[in-house]
Amino acid sequence: MKADSPKRTGSGIGETVLLPVRLAMGLIDAPLRWLQRVAGIGGMAAFFLMPNMLIFGIFVLLPFFINFAYSMTGGTALFLPDRSFVGGDQYARLFDCSNYLDANSCTEDTFWTAVGNTGWFVILQVTLMIIVSLITALILNRNLMARSFWRAVFFFPVLLSPVVVGLIWKWILQRQGLLNFGLYGFGFEPFTWLNDRNWAFAATVGVSIWAHMGFYTLILLAGLQAIPKDLYEAAEMDGTRPTRAFLRITLPLLAPNLLVVVVLVLIKAVQIFDEVYVLTGGGPGTSTLYITQYIYETGFATQLRNPGLAAAASILMGVVLVVLTLLQLSLSRSSEKKGARK
Amino acid sequence: MSRVAEFLLRRKGGKGWHWTDIVTWIWLLGGLFVMFGPAVWLVGSSFKSPAALAEFPPSILPYVTQKVTVEGYDKPLDLYEATLPDGRKATLAEVRRIGIVSQMVDPQKPGEIIKVNIGQRTPVRQMSFAMQNYSEPFTHFDFVRYLWNSVFVTVTATLITLVVNSMAAFALSKYEFRGRTFAMLLILATLMVPLSVIMVPLYSIVSALGLFNNLWGVILPTVATPTGVFILRQYMLTIPDELIDAARMDKASEWQIYWRIILPLTAPALAVLAIFSVVWRWNDFLWPLIVLSRKELYTLQVGLSIYSGELNVQWHFILAMTVVTMIPVVLVFIFLQRFITTGIAGTGLK
């Protein structure tokens, strides 16, 4: 029924708009009938799969494999055949440190600074993100007036582009910004937040939580709503206290969703780039330089660009991401099994 | 009075207020402020003149100092409400400021200069929306160009995404062939290969194909999305195979089956994918930043970030352009939010 409705409602304008499309599709049909006669049904399956696989092969698979070759070459040339083979030199360079606990003792000190920053960012952002979105989901799961409105409130920033998010907060955190205005009311002097190393770092954590928490809240909320209400009713009959009900019913039943969300947040946090690049540009100094920005700048932006080194760094990051994704897949599979058993 | 309070505070089921209710409402109202506040502040600021943007503490609404043209002075002068040394109040125009003393004239009698301590004067202000923040970028910057590039990338990429992925989903859901599972796994495995991991070699491939500094170089790498294949395939699996068999009996070609039967029936899933795709492509940043280095090819996102990273940021233009960039996404949010939230809750994919 649903699929038919656009036809019926848009019979006037819709028909005229679709007319050329229809004609084109009709024209394509004749050669495709011929193809079908020659290649058979199986050939048609290949035909339907072809465009996707072609694009996918050229722009995802090929670069994926070339990346390994890339990471073993040196120089600044762009195309692989022009590049000189250096073996594991790029990796050796990344790992060349006199003291493994001090980023500044490494040849590629910015890489390790970026890794360290990303590590701290991931730890803080993931923890806070989970706490904030779990609380929000729990609150939205209550018997609320206008729940879909409140859900939309928290979801709103998810759709904004990272650039817009970065600019919104850059505008608020600057010297004449809203934050200083608010604090001024309490007698504080204006402060340039993004010029301070620690505050800039905190800002990147806070802003990325602000921008994405609605997404994870939504997944957790779906998990909460799948928990049968009668469990709580039974618990209430037995005189169970709400905190105990939360620890014994909500958390265990939400655990699969929670784990998936943790891994999703982790994967996204490791790759943080866009909004930070606009908000702080990695500064002040290197205090908010994260690993994706390091790869981007090493590969493209600096004067002495070194695509081989960037490729090696991106492969190291890729390994971390693959481990995390496999973790997510196995977790979601085990949660699916549990769901099936229920 | 207490009756009114009682009416407003009474709750469903006649239960009293629990501390968790108070926490709930503090969280929700705080959330409303924190989530919408920054965006609203940005929109409000975008109507302020550069002078109003530079002042601290900022005003909530866009005010400008009123100006007046005085005989004998080339430029319009700022108007002030000043307390004269003898205690009278008057509306005067400021000629110049020396230290803490302001030299002012009465607009009616421009001959005589009056000296007023700057503490003794307040500007005469009026509300005014600086619409030129919006109109000037269209003429000064290549703003129209960026807008057009963004629209072109978004629309083209979404159309190709729909066609290419629905064809693949059709093959993967309605045909039995060797390697089907392998193809499906391969596509899903792509979820593990984000752009940040392959951007260096992808750049060389796009350059080799002559797509560097070309909008197609932005479009093509994004269109074969695993999420799209996944959503569409799940939906097509629910379409009964009998429909296809019946069509084959009626001598329909496979292409007609795809085009006349499967696609119309998949419309709801296609709509969801289209909405997602529009938001993704409109918001894309890192890849366009790499591929597009010529100014006239920038998308809105790239243009905005480049201009906002300049040394002398022209915030009044940046803010207005940011608002324009937000518009399509806000429209999607207002009218189509329901589709997106159910889409996410259903698949767990962004």
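Read-outs throughout are calculated quantities, based only on the coordinates presented, and are distinct from any laboratory measurement. Source: prediction; values computed, not measured. Cβ: placed from backbone, ideal geometry, glycine included. Neighbour counts: every protein chain shown.
Peptides B:98-108, A:237-247, A:63-73 ranked from most to least packed give A:63-73, B:98-108, A:237-247, packing being the mean of other C-beta atoms within 10 angstrom over each peptide's residues. Net charge dipole, chain B: roughly 680 debye, given to the nearest 20, about the Cα centre with Cβ charges of +1 for Lys and Arg and -1 for Asp and Glu. Counting Cβ atoms of other protein chains within 10 Å of each residue's Cβ and taking the mean over peptide A:139-145 gives 4.
In terms of the mean number of neighbouring beta-carbon atoms within 10 Å, the peptides B:253-264, B:110-121 order highest first as B:253-264, B:110-121.
Tell me whether chain A comes out rounded, prolate or oblate; compute the Cα gyration tensor, take square roots of the eigenvalues as a ≥ b ≥ c, and use a/c under 1.5 as the rounded threshold. Could you put the intermediate results ahead of the total?
Numbers: a/c = 1.58, a/b = 1.03, b/c = 1.54.
Since a/c reaches 1.5 but b/c is at least a/b, the shape of chain A is classed as oblate.
In terms of packing, defined here as the mean over residues of other Cβ atoms within 10 angstrom, the peptides A:161-168, A:79-86 line up highest first as A:161-168, A:79-86. Taking only C-alpha pairs under 8 Å that are 6+ residues apart, what is the relative contact order of chain A in percent? Result for chain A is 22 percent.
In debye, nearest 20: dipole of chain A around its Cα centre with unit charges on the Cβ of K, R (+) and D, E (-)?
About 1340 debye.
Dipole orientation for the protein assembly as shown: of the candidates B:Leu53, B:Tyr73, A:Leu61, A:Leu61 has the Cα lying most toward the positive pole (charges on Cβ; Lys, Arg +1; Asp, Glu -1). Peptide A:148-158 has a mean shielding of 6, counted as Cβ atoms of other protein chains within 10 Å of each residue's Cβ.
Mind checking the mean number of beta-carbon atoms from other chains within 10 Å of the Cβ atoms in B:329-337?
Details: counts 6, 3, 0, 1, 7, 2, 0, 1, 7.
The shielding value for this peptide is 3.
Extending 7 Å from Cα along the Cβ direction at B:Thr342 and again at B:Ala189 yields two label points whose distance is 3.5 nm.
Between B:Asp250 and B:Gln234, what length comes free when the chain is fully extended (0.36 nm per residue of separation minus the Cα-Cα distance, one decimal in nm)? Spell out each step's value before the answer.
Numbers: separation 16, 0.36 × 16 = 5.76 nm, distance 2.66 nm.
Taking B:Asp250 through B:Gln234 to full extension adds about 3.1 nm, to one decimal.
Only DSSP H runs of four or more residues enter the estimate; each adds -39500 (n - 2.57), and after division by the residues of the protein assembly as shown the mean residue ellipticity at 222 nm equals -20500 deg cm²/dmol. Straight-distance candidates among the aspartates and glutamates for linking to B:Lys251, with alpha-carbon spacing under 16 Å and chain neighbours fewer than 8 residues away dropped: A:Asp29, B:Asp241, B:Glu242. Projecting the Cα atoms of A:Trp120, A:Leu183, A:Leu253 onto the dipole axis of the stretch A:89-341, where Lys and Arg carry +1 and Asp and Glu carry -1 at the beta carbon, places A:Leu253 farthest toward the positive end. The stretch between A:Ala234 and A:Thr16, if pulled fully straight at 0.36 nm per residue, gains 72.5 nm over its current Cα-Cα span.
Student exercise: in chain A, how many lysine pairs 8 or more apart or on different chains have Cα atoms under 28 Å apart?
On the way: A:Lys170/A:Lys268; A:Lys229/A:Lys337; A:Lys229/A:Lys338; A:Lys229/A:Lys342; A:Lys268/A:Lys337; A:Lys268/A:Lys338.
Lysine pairs meeting the criterion: 6.
Could you work out the relative contact order of chain B, using alpha carbon pairs under 8 angstrom and six or more residues apart, expressed as a whole percent?
Numbers: 370 pairs, mean separation 64.0, N = 350.
The normalised contact order for chain B reaches 18 percent.
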